[in-house]
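Read-outs throughout are calculated quantities, based only on the coordinates presented, and are distinct from any laboratory measurement. Treat the numbers as computed from the prediction; the structure is a model and nothing was measured. FYI the Cβ positions are ideal-geometry reconstructions off the backbone, even for glycines, and counts take in every protein chain you see.
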Amino acid sequence: MVVAPAARSGREARPPKELREPKYYTVKRHLLDIIGTLPPGTLVPTERLLMVELGTSRTTVRQALGELVGEGRLVRRQGSGTYVAEPKVHWPLRMTSFTEQATSTGHAASTQLIDAGREKASDDIAERLELRTAALVHRIERLRLVDEVPMAVETSYLSAQQFPGLAKELRRGDSLYRVLLERYGVVPVTAEETIETAAASPREADLLRTETGSPMLVLSRHSFTADGSPVEWVQSWYRGDRYRFVTRLTSD
Ligand code: GLP
């Protein structure tokens with residue numbers, strides 16, 4: 001990877017003073033231009049080399065590289081260096097299960113049950129599941145993997161009364177939606193899904209093999225049966241640097 005000094009790239013006219021960008025951002029843009037021409041897996045020069053070649057401070061280089069790692073353009077490998085990242089995985093947003101979504105796109109889905117138990121519903125969860133306050137709910141935490149790579153940490157809440165023995169059913173790593181259909185005759189058909197950003201806690205970072213504080217996309221799904229009864233309230237934490245969610249919009 002050859003790095004020309006940012007100041008000499010001459011690609012853009014200097015922005016007006018009031019819009020002048022921070023130095024690290026100029027370095028970042030410059031690195032982005034270069035990354036765009038390189039195949040995934042290419043080793044990026046060290047901070048030290050970039051510092052010298054771009055005539056800037058280590059802090060500036062570090063900030064530019066840090067943002068590019070957070071955005072999934074570069075990837076750091078401990079003790080080895082920083083590389084051009086693989087393209088993000090496109091993951092369609094559909095009213096389907098994780099297992100079905102993965103298998104229908106030619107991937108192998110697997111699940112590790114992290115924790116399953118029953119607890120008293122918080123006010124928020126009781127309201128979402130239309131239960132009385134402090135009614136018992138299942139809290140099921142699972143690690144979802146695609147082609148053996150951890151993709152998301154998912155925490156699901158469902159009524160304990162409506163779904164007796166659910167945690168046991170999921171011990172083998174079965175699909176929740178398959179169990180809901182086959183054991184309880186329940187099919188979630190509509191859902192409201194929200195997407196927000198968050199920073200990975202040490203635990204999520206460990207489970208998803210990333211760094212604490214790295215950007216996450218948190219999808220929350222509130223799903224319902226055809227007659228409008230709530231089924232589940234689920235939060236799924238995905239690595240924001242690895243996934244791109246895609247949905248098709250049609251006019252009414
Ligand atoms: C997705 C949804 C969850 C749902 C899960 C079921 O991940 N976001 O709301 O609970 O699929 O997946 P599976 O049936 O594979 O366990």
How do S223, S214, S229 rank when sorted from fewest to most other Cβ atoms within 10 Å of their own Cβ? S229, S214, S223
Karplus ³J(HN,Hα) for the range 102-116 (6.51 cos²θ - 1.76 cosθ + 1.60, θ = phi - 60°; Hz, whole; x = Gly/Pro) runs 5, 5, 5, 9, x, 10, 9, 8, 9, 9, 10, 6, 8, 7, 9
Using amide H atoms built 1.01 Å from N in the peptide plane, name the residues 5+ places from V44, or on other chains, whose amide H lies under 5 Å from its own. T82, Y83, V84
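Do you know the relative contact order of the chain, to the nearest whole percent, from alpha carbon pairs under 8 angstrom that are 6+ apart? Present the calculation step by step, with values, prior to reporting the outcome.
On the way: 438 pairs, mean separation 41.5, N = 252.
16 percent.
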Name the residue, out of S104, S80, S122, whose mean-square fluctuation peaks in a Gaussian network model built on the chain with Cα pairs under 10 Å. S80
Just want the answer: with Cβ charges of +1 for Lys and Arg and -1 for Asp and Glu, which residue in L145, T56, S214 is farthest toward the dipole's positive end in the chain? T56
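From Cα pairs below 8 angstrom and at least 6 apart in sequence, can you work out the relative contact order of the range 23-84, rounded to a whole percent?
In percent, rounded to a whole number, it is 44.
Based on other C-beta atoms within 10 Å, arrange F163, F224 from fewest to most. Spell out each step's value before the answer.
Numbers: F163 20, F224 15.
If I rank by nearby Cβ atoms, fewest first, I get F224, F163.
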Magnitude of the Cβ-charge dipole of the chain, K/R +1 and D/E -1, about the Cα centre, nearest 20 debye? 960 debye
Can you work out ³J(HN,Hα) from phi for every residue in the range 76-88, in order, using Karplus 6.51 cos²θ - 1.76 cosθ + 1.60 and θ = phi - 60°, giving whole Hz and x for Gly and Pro? 9, 10, 3, x, 10, x, 10, 10, 5, 7, 5, x, 5
For M151, residues with placed amide H under 5 Å, excluding near neighbours: R144, L145, V146
Starting from one equal scatterer on each C-alpha and no solvent at all, send me the Debye-based log10 I(q)/I(0) for the chain at q = 0.10, 0.18 Å⁻¹, two decimals. -0.62, -1.36
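Using a simple charge model, +1 on the beta-carbon of Lys and Arg, -1 on the beta-carbon of Asp and Glu, nothing else, what dipole does the range 23-84 show about its Cα centre, in debye to the nearest 20? Each step should come with its number before you reach the end.
Working: 9 positive and 5 negative charges, 31 e Å.
Result for the range 23-84 is approximately 160 debye, rounded to the nearest 20.
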Once you've got the GNM for the chain with C-alpha springs shorter than 10 Å, pick whichever of H90, H138, H222 has the biggest mean-square fluctuation. H90
Dipole magnitude of the range 54-197 about its Cα centre, charges +1 at Lys/Arg Cβ and -1 at Asp/Glu Cβ only, in debye to the nearest 20? 460 debye
Near the amide H of V231, under 5 Å away, which other amide H atoms are found, from residues 5 or more places off or on another chain, if H is placed in the peptide plane? S223, F224, T225
